[in-house]
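Structure record follows, encoded as structure tokens.
Read-outs throughout are calculated quantities, based only on the coordinates presented, and are distinct from any laboratory measurement. Please read all numbers here as calculations on a predicted model, not as lab measurements. When we count neighbours, we look across all protein chains shown, and the Cβ atoms used for this are built from the backbone with ideal geometry, even at glycine.
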Amino acid sequence: MADIMFYCVKCRAKRSGKNIQKVTMKNGKPARKATCEKCGTTMFRIGA
Ligand SMILES: [Zn+2]
């Protein structure tokens, strides 16, 4: 789970992210949420 990569729109770079959370979108699909360790922006990724 540690090697899931997120894209940070602020850094414009791929980050592994911290505080990764499993979330469910409004349409019922799974997604993951994480915080960029550099700038603190919330990153979002669709898929389990
Ligand atoms: Zn960032």
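Using C-alpha pairs under 8 Å with a sequence gap of at least 6, the mean separation divided by the residue count of the chain gives a relative contact order of 34 percent. Principal axis analysis of the Cα atoms in the chain yields extents of 30, 20, 14 Å, listed in decreasing size. Taking 4.7 Å between beta carbons as the limit, the unpaired Cys residues of the chain are 39. The ranking of 42, 24 by Cβ neighbour count inside 10 Å, starting from the fewest, reads 24, 42.
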